[in-house]
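Student: My structure is below; once you've seen it, I'll send some questions.
Laboratory data are not the source of any read-out in this text; all were calculated from the coordinates shown. Keep in mind that what you see is a predicted model, and the values were worked out from it rather than measured. When we count neighbours, we look across all protein chains shown, and the Cβ atoms used for this are built from the backbone with ideal geometry, even at glycine.
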Amino acid sequence: MANPQHEKWMARAISMAEEALEANEVPVGCVFVRNGTIIAEARNRTNELRNATRHAELEAIDSILSDPLLTPQQIQHPLSETILYVTVEPCIMCASALRQTGIKEVFFGCENERFGGCGSVLGVNQELSHPNHPSYPAVGGYGREAAIMLLRRFYMTENQNAPVPKLKANRVLKTEIPKQADGKSDS
Amino acid sequence: MALALGLGSLFNHSDNPNVQFSIDTSTESIRYTTTRRIEADEELCIFYGHKLWFHLAGQPSSAVALREKDGYENDDSLGGLDILQDIYCGSNPFKDGDPSDILQENELPFERIRVIPEDDSDDIDGAFRTILTWVVDVPDPRSITDLLKWMKSAGLETPELQHLKRIRRVDSLTTILLATASTSTPHSSSSPAPSIPIPANFLTSEPYTLEVPASAALTIPQVKAKSAMWPTIYAPKRKGEPEKWTRAKAAWAWDAVSTMIGAAEEAGKLGELPIASYVPASFVDSSNHGEMTQSFVAYDTRRTSAHPLRHSVMNVVRKIADWRASSSTPSLRSPDPELSDPTWVTSASSQIVSIENTLPPPAAQRNGSHYLLTSLTLFTTHEPCVMCSMALLHSRVKEIIVVVPMDKTGGCGGSSGKGTCVPRLKAVNHRFGIAGWKIDREMDGLTIDEDVDA
Ligand SMILES: [Zn+2]
Ligand SMILES: [Zn+2]
């Protein structure tokens, strides 16, 4: 079930993360895709807006929901036909926001070990039961190294222009989607 | 029954006011402050509010000016909802007696839920959690300094290893900690994260993986146990004693809850879900100087804004952010760590920063700005959902006081305190206090479906 589209969408998400880095924001970027088309792309704006909740995902969701062409009527789960590509595993807040808006599926780059809401810290996407909102699969490893390198560059506070060490190319972009249900049960 | 008579009635209304006001119930006064530089001969104006409403019979008699537009798409020049609360609050039971009395736990109008991190299981039987890291052996001690310099420039001084020393010496062998290697999430394979290629001019071993303690040592026995694995920082917990509340502060909380419930009931009448959150101006007394001089209230607007995420917590956080961004007043006092951190946060963990999003850039840190809700108390009618609970954690709220628990959807422990509890998760970098309001009156106006995310 290899899908060359994943690489393309994730490359776009990474370029949004790069834009965040240039703006001195934590480099996280995302794109939302519906019917094979990007309907929103966004990046982290927490510093610009002085609001620690303005993550890339919420920025993009706001733009989708405010566009009457994309969201013509109020329904409970407006993102049920929409897929998210994001450079870092959504945090617990965003993972819950995505579930409440009914996201179909999430592909992410690297894990978020401190705040990850798709399994790293809390399984908001599936494990957690909810009376109304369907669970959704979230799969990591797409553009993982590029995502990590961007984060490392951000935290390199001493010398912003120092050369970035290259990671060994011992990992290639995963194109195979692991079976979510299997991966869950062993944790 | 009074609405800003006296000095307040001298101000005219403006949609773009240059004076803001806040109520200080402890001194029964209204504080007026200018919001921008006032030119000579410029008239001072306040925002009266679009609409007044009054509590119905059986409620504390109070009046609140609510701004009509509560959605945050609106231009909001004042940046926050001003509360004009009646300074007569006859039914507040904490108005009688010595305001400086320290109240016993059972006299408080709320019950505190201690947020004990899962991490504390470390203490019990000497076992502790570990993480996988990349390390290298450095046979030639002369290259250690250069290697550390290189690590710094390569951005390897990441916060997740702050609880460990970088260098371990065993006999004559020096080993240096490079980076975390754990990727143990349910989605990824168990193979370690990519290693760090060391420049060839450093004479080191090939990097290899090693298990090290996942968190700082909290006790002396833990220092020994953990450091046997890898030298670990000692970060003893401060005493976990709950903060003392005076009668005057309990009165402040009582008024805050009254105001908030009023706002929620008003939202219900407007066709919204009757859910509201309120961040009042900080309580001020001899030991608290007041981090925040402005009050902010917001209610749930998911219905009228056709946006399922417009929860009251997100709305109030947004209002405070907008106010902070637009306010030219020096509202961003650097926080007093004693006031701003819940007592059960270890000094080590409060320095831990995230890989995502809550970290301001170094420049902002140097400017002395701090997180949005640091040192502030948030009152909310319904237990925040998982999204809102994490939003509060990202914003570093000090504590929240909740009226109605939401066992099916809440993210702060539910009525038993044992449900999903975001600030209790072991990985997160901030803990906030949670207290449940002791319900003391009719709450019919706050009824929502138990399946709703508040
Ligand atoms: Zn997020
Ligand atoms: Zn919520």
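Student: Distance cut-off 20 Å, Cα to Cα: go down the list B:K398/B:K426; B:K319/B:K408; B:K226/B:K398; B:K152/B:K426 and report the pairs above it.
Tutor: The pairs that break the limit, which is 20 Å between Cα atoms, are B:K319/B:K408; B:K226/B:K398; B:K152/B:K426.
Student: Which of A:L58, B:L44 comes first, and how do the rest follow, when ranked by fewest Cβ neighbours within 10 Å?
Tutor: Going from least to most buried by this count: B:L44, A:L58.
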